[in-house]
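Some notes on the structure that comes next.
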Amino acid sequence: METLSIARARLRHRPPTGRPFVYLNAALSADGKLAPPDRRFVPFGSARDHEHLYELRTTADAVLAGARTVDATAVTMTTGGAEYERRRLRLGLKRPLVRVIVTGGGTVNPAAEIFRHRTTPLILLTTGRTRPKQMVILRGLADEVQVFGDDQLDFAAALGWLRREWGVRRLLGEGGGEVNAALLAAGLVDEIHVTLCPVLFGGFKAPTLADGDGFATLAAAAQLKLQARRRVGDEMLLTYRVLKPGPASAGPKVPK
C-alpha cells in the first residue's frame with residue numbers, strides 16, 4: 001500500500017475554477033485495450049493494480065463510471081473497506097465517497113450490483129433523451145438524478161454542479177472508454193493513471209481507454225506528459241498529466 005505522504009501529495013492538486021480536478025484510472029492490455037473484442041470485462045490486472053484502484057479512490061470526493069461499466073461488472077464503486085476509510089479520515093476527507101453513474105439515454109440495469117449498496121450517496125446523470133417512465137425508475141435507484149443536456153450529456157455543466165452542490169473537488173473516472181473520451185474531448189481531464197498489464201487482446205472491436213469517434217487529427221489529439229512510472233512485477237504503473245485536450249467539436253460523443 002502506498003504511503004500517506006504519496007496520497008497527501010496527490011491531494012495537493014488544486015481543482016480548476018468551477019469544477020473538480022478530474023483523474024482517470026484504467027488497467028490496459030499491452031495493446032491498449034480495456035477488455036477483449038467481445039467487450040465483456042474480466043479482471044486482468046494484478047492484486048497490486050486492484051489495490052492501486054482503492055488508493056486512488058481514497059483521495060477522491062467522488063468516483064464516476066458509465067452505465068455500461070456498472071451493468072457489465074460487479075463494481076460497487078465503494079472505498080474498499082475499513083482500512084481505506086481510515087486512510088480517508090487521516091487525509092482529512094470526512095465526507096462519504098459520492099458515486100456517480102452516467103447514462104445518456106437513461107438505460108441502466110436495475111439489478112446491477114451497485115444498486116444493492118446504498119450506504120453512500122449514489123447520483124445518476126442523464127440527458128433529455130430519458131423518457132418519463134425511465135426517469136421514474138432512475139429516481140428509485142439513486143439518491144439524486146440530474147439532467148444535463150438535451151441529446152448529449154453536458155459534462156462541463158454536470159461537473160460544475162457536482163462541485164457546487166456536492167462539494168466534489170476531486171473526481172475519479174473509471175470508464176468506460178466512451179465516457180473517458182467524452183471527458184477528454186470536453187477538456188475536463190487533468191490526469192490519467194494507467195496500469196499496463198502483460199496481456200494482449202487484439203481485435204479492432206476491443207474497447208480502448210478513449211473510445212467513440214476519436215480525435216480527427218493529431219493536432220486535435222489530447223497531449224500527455226509522463227509524470228511518474230513504477231514497475232511492479234510485470235506491470236507498469238504510469239501517471240500522465242493532460243497538457244492539451246482536443247476541442248470538444250472534434251471529440252467523441254457520450255455513450256447511449
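The values are calculated or read from the model by the stated rules, or taken from the named source; none is laboratory data. Please read these numbers as outputs of a predicted model, since none were measured by experiment. Virtual Cβ from ideal backbone geometry, glycine too; neighbours counted across all protein chains shown.
Under 24 Å from residue 207 (Cα atoms), touching a strand residue (DSSP E or B) at 6+ places or on another chain (Cβ under 6 Å) and part of a loop (DSSP other than H, G, I, E, B), is that true of residue 187?
Against the criterion (under 24 Å from residue 207 (Cα atoms), touching a strand residue (DSSP E or B) at 6+ places or on another chain (Cβ under 6 Å) and part of a loop (DSSP other than H, G, I, E, B)), residue 187 does not qualify.
Any residue in the stretch 151-180 that's on the phi > 0 side of the Ramachandran plot: show its pairings with residues that are assigned to a helix (DSSP H, G or I) and of a type in the set (Ser, Thr, Tyr) at Cβ separation under 8 Å, as long as the two are six or more apart or on different chains.
175/69
Go through the stretch 26-59 and give me each residue that's within 17 Å of residue 79 (Cβ to Cβ), in contact (Cβ under 8 Å) with a residue 24 or more places away in the chain and not charged (D, E, K, R).
If the condition is that a residue be within 17 Å of residue 79 (Cβ to Cβ), in contact (Cβ under 8 Å) with a residue 24 or more places away in the chain and not charged (D, E, K, R), then 52, 53, 54, 56, 58, 59 are the ones that fit.
Considering only the stretch 227-256, how many residues are modelled with pLDDT under 50 and part of a strand (DSSP E or B)?
Here the count works out to 0.
Among the residues of the stretch 138-168, how many are more than 17 Å from residue 66 (Cα to Cα), buried (at least 16 other Cβ atoms within 10 Å of the Cβ) and of a type outside the set (Lys, Arg)?
Of the residues in that region, 4 qualify.
Report yes if residue 148 is on the phi < 0 side of the Ramachandran plot and touching a Ser or Thr at 6+ places or on another chain (Cβ under 8 Å), otherwise no.
The answer is yes for residue 148.
Take the conditions without any contact (Cβ under 8 Å) to a residue 60 or more places away in the chain, surrounded by fewer than 18 Cβ atoms within 10 Å (Cβ to Cβ) and either under 14 Å from residue 170 (Cβ atoms) or hydrophobic (A, V, I, L, M, F, W, C) (or both) and apply them to residue 72. Does it pass?
yes
When you look at residue 23, is it of a type in the set (Phe, Trp, Tyr), in a helix (DSSP H, G or I), closer than 26 Å to residue 155 by Cβ and within 15 Å of the chain's Cα centre (by Cα), yes or no?
no
Provide a single number: the residues in the stretch 172-188 that are more than 21 Å from residue 40 (Cβ to Cβ) and more than 8 Å from the chain's Cα centre (by Cα).
Selection size over the stretch 172-188: 7.
Is one or more of the residues making up the stretch 203-215 free of Cβ contacts under 8 Å to residues at least 40 places away in the same chain, crowded, with 20+ Cβ neighbours inside 10 Å and either within 11 Å of the chain's Cα centre (by Cα) or over 20 Å from residue 75 (Cβ atoms) (or both)?
Looking for residues that are free of Cβ contacts under 8 Å to residues at least 40 places away in the same chain, crowded, with 20+ Cβ neighbours inside 10 Å and either within 11 Å of the chain's Cα centre (by Cα) or over 20 Å from residue 75 (Cβ atoms) (or both), one finds at least one in the stretch 203-215, hence yes.
Being surrounded by 14 or more Cβ atoms within 10 Å (Cβ to Cβ), within 18 Å of residue 237 (Cβ to Cβ) and touching a helix residue (DSSP H, G or I) at 6+ places or on another chain (Cβ under 8 Å) is the filter here, so list the residues in the stretch 11-44 that pass it.
23, 24, 25, 26, 27, 34
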